[in-house]
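**Student:** Here's a structure for you.
The values are calculated or read from the model by the stated rules, or taken from the named source; none is laboratory data. This structure is a prediction, so every number in the text was calculated from the model and none was measured. As a convention, Cβ positions derive from the backbone with ideal geometry for all residues, glycine included, and neighbour counts pool all protein chains shown.
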Amino acid sequence: MSVVTVGVHIVDVLARPVESIPEGQGTHLLEEMRVTAAGAAAGTAVALAKLGVPVASAGAAGDDELGDLLVMIMERHGVDVRGVVRKPGERTAASILPIRPDGGRPSFHVPGANLGLALADLDPGQITGARVLHLGGMDVTWGLHDPEFLALLESARRGGTLVTMDLLSSMPDLMPGAKAFLPHVDYFLPNEEQALMITGAADAEAAAADLLAAGPAGVLVTLGAEGSLVATASGTVRIPARDVPVVDTTGCGDAYCAGFAAGLLEGRDVAAAARLGTAVAARVAGGLGSDAGLDGHTIASVEGP
């Protein structure tokens, strides 16, 4: 596969626009509801597949109905899901997301089987055979905080695999574990809150510099409506966000990672790949769910003029 994503797999149930939760057993009529395959690995994989990039995903789901639904959705969009293991007796991770009129997304979440993903669940050949390996949510996949998994990453990198990584949470207790991966990845893509939390820096530029010193070839800090900050040994550049009407911000970070990985596969430099990530994220922000707006679009049509 061109890309293999490893990590968090979640079923998202989204509804919009939600201005308040009804009291008692009241009902509010809404415009739209969707169920999507989401999470830092699954959501990125679906976005890549919709961009026409061959992609496989590896992670954990429960042996419940939500797990059946998750696998079906990913397969429907063209993701190779043979690496998604089903954990007997465990729940599939799921979120309920009532999307506010301004695109904000409070959530109700069940972590589920992601917490039990371990090295024994992965196919080493799939990892080392990827052109790009995306680690999605290493902060919460505690079973992969394993020296043998880090050794596998190094084996993949020696074979020419580019390793990218982003995170899922903004929980302070989980950040030290995530930082341990930095010497073993090529590109780290945290959001601003995560970058500041990991480093204790005062701003995104200082945080990116600190993270770059930990080992990656590049650090890309996503800044929401302000775009992203791209730091490499050659210097720092800001990539502006696209000015688009925002419906839902769910999955924009995953879409950015997908576009960035697709750009690397095309041989683009880091800044150009980040611009493609920005374009894919903008497309997703215009609809409901982590894969919104990508159906039937090639990379060229998503990127636009």
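**Student:** Return the residues of region 178-193 that are part of a strand (DSSP E or B) and farther than 12 Å from L135 by Cα; say none if nothing qualifies.
**Tutor:** Keep residues of region 178-193 that are part of a strand (DSSP E or B), which gives 187-188, 191.
Across region 178-193, the qualifying residue is only N191.
**Student:** On to the next question. For residues in region 63-94 being within 20 Å of the chain's Cα centre (by Cα) and either of a type in the set (S, T, Y) or in a strand (DSSP E or B) (or both), which is farthest from G116 (Cα to Cα)?
**Tutor:** D80
**Student:** Another question about this same structure. For region 43-56, indicate whether the set of residues that are at pLDDT below 95 and at positive phi is non-empty.
**Tutor:** Yes, region 43-56 has at least one match.
**Student:** Restricted to region 269-282, and to residues that are more than 14 Å from G218 (Cα to Cα) and not small (G, A, S), which residue is surrounded by the most Cβ atoms within 10 Å (Cβ to Cβ)?
**Tutor:** If we filter region 269-282 for residues that are more than 14 Å from G218 (Cα to Cα), which is where we start, we get 275-282.
The next check asks that each one be not small (G, A, S); those that pass are 275-276, 278, 280.
On the way: R275: 21, L276: 25, T278: 23, V280: 30.
Looking at the filtered set, the residue picked out is V280.
Listed here are the residues, each with its yes/no results for (1) under 16 Å from the mean Cα position of the chain (by Cα); (2) more than 16 Å from V163 (Cα to Cα).
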position: L189; (1), (2): yes, no
position: E205; (1), (2): no, yes
position: D210; (1), (2): no, yes
position: L223; (1), (2): yes, yes
position: G227; (1), (2): no, yes
position: A233; (1), (2): no, yes
position: T236; (1), (2): no, yes
position: R242; (1), (2): no, yes
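**Student:** Continuing with the same structure: Would you tally the residues in region 184-222 being surrounded by 16 or more Cβ atoms within 10 Å (Cβ to Cβ), touching a residue at least 24 places away in the same chain (Cβ under 8 Å) and under 20 Å from G137 (Cβ atoms)?
**Tutor:** Residues that pass the stated criteria total 20.
**Student:** Can I ask one more? Tally time: how many residues in region 95-146 are assigned to a loop (DSSP other than H, G, I, E, B) and of a type outside the set (S, T, N, Q)?
**Tutor:** If we filter region 95-146 for residues that are assigned to a loop (DSSP other than H, G, I, E, B), which is where we start, we get 99-107, 111, 117-118, 122-123, 129-131, 137-141, 145-146.
Checking which are of a type outside the set (S, T, N, Q) leaves us with 99-106, 111, 117-118, 122-123, 129-131, 137-140, 145-146.
Residues that pass the stated criteria total 22.
**Student:** Another question about this same structure. Scan region 83-116 residue by residue and report those that are modelled with pLDDT under 95 and of a type in the set (V, I, T).
**Tutor:** Passing the criteria: I99, V110.
**Student:** Another question, if that's okay. For L220, are the conditions met, namely being among the aliphatic types (A, V, I, L, M) and part of a strand (DSSP E or B)?
**Tutor:** Details: among the aliphatic types (A, V, I, L, M): yes; part of a strand (DSSP E or B): yes.
Yes.
**Student:** Can you find a residue that is more than 18 Å from the chain's Cα centre (by Cα) and either within 30 Å of R16 (Cβ to Cβ) or of a type in the set (S, T, N, Q) (or both) anywhere in region 123-141? Can you show your working first?
**Tutor:** Narrowing region 123-141 to residues more than 18 Å from the chain's Cα centre (by Cα): 123-126, 128-129.
If we keep only those that are either within 30 Å of R16 (Cβ to Cβ) or of a type in the set (S, T, N, Q) (or both) too, we end up with 126, 128.
The answer is yes; a qualifying residue exists.
**Student:** Being closer than 20 Å to A93 by Cα and surrounded by fewer than 16 Cβ atoms within 10 Å (Cβ to Cβ) is the filter; apply it to region 146-172 and report the residue that is farthest from the chain's Cα centre (by Cα).
**Tutor:** M171
**Student:** Show the residue pairs meeting these rules: Cβ distance below 6 Å; 6+ apart or different chains; first residue within region 233-260 and within 21 Å of L288 (Cα to Cα); second residue surrounded by fewer than 24 Cβ atoms within 10 Å (Cβ to Cβ) and of a type in the set (D, E, K, R).
**Tutor:** That search, which allows pairs on different chains as well, returns T249/R105; T250/R105.
**Student:** Kindly list the number of the only condition in (1) part of a loop (DSSP other than H, G, I, E, B); (2) within 22 Å of L133 (Cα to Cα); (3) touching a Gly at 6+ places or on another chain (Cβ under 6 Å) that fails for D254.
**Tutor:** Just one mismatch for D254, condition (1).
**Student:** Is it true that L229 is assigned to a strand (DSSP E or B) and either in contact with a Lys or Arg (Cβ under 7 Å, 6 or more places away or on another chain) or at pLDDT below 95 (or both)? Can you show your working first?
**Tutor:** Numbers: assigned to a strand (DSSP E or B): yes; either in contact with a Lys or Arg (Cβ under 7 Å, 6 or more places away or on another chain) or at pLDDT below 95 (or both): yes.
For L229, the condition - assigned to a strand (DSSP E or B) and either in contact with a Lys or Arg (Cβ under 7 Å, 6 or more places away or on another chain) or at pLDDT below 95 (or both) - is met.
**Student:** Now a separate question. What's the total number of residues in region 46-58 that are touching a residue at least 60 places away in the same chain (Cβ under 8 Å) and assigned to a strand (DSSP E or B)? Walk me through it before giving the result.
**Tutor:** Going residue by residue through region 46-58, those that are touching a residue at least 60 places away in the same chain (Cβ under 8 Å) are 46-48, 50-53, 56, 58.
When the remaining residues are screened for being assigned to a strand (DSSP E or B), the result is 56, 58.
Adding up the residues that qualify gives 2.
**Student:** Something else: Touching a helix residue (DSSP H, G or I) at 6+ places or on another chain (Cβ under 7 Å) and farther than 16 Å from D295 by Cα: which single residue out of E90, E65 fits that description?
**Tutor:** Values: E65 fails: touching a helix residue (DSSP H, G or I) at 6+ places or on another chain (Cβ under 7 Å).
The unique qualifying residue is E90.
**Student:** Same structure again: Take the residues of region 19-62 that are β-branched (V, I, T) and under 19 Å from the mean Cα position of the chain (by Cα): which is surrounded by the most Cβ atoms within 10 Å (Cβ to Cβ)? Outline the logic, then answer.
**Tutor:** Within region 19-62, the first condition is being β-branched (V, I, T), and the residues that meet it are 21, 27, 35-36, 44, 46, 53, 55.
Remaining after also requiring under 19 Å from the mean Cα position of the chain (by Cα): 35-36, 44, 46, 53, 55.
Numbers: V35: 15, T36: 26, T44: 35, V46: 31, V53: 22, V55: 29.
Within region 19-62, the match that is surrounded by the most Cβ atoms within 10 Å (Cβ to Cβ) is T44.
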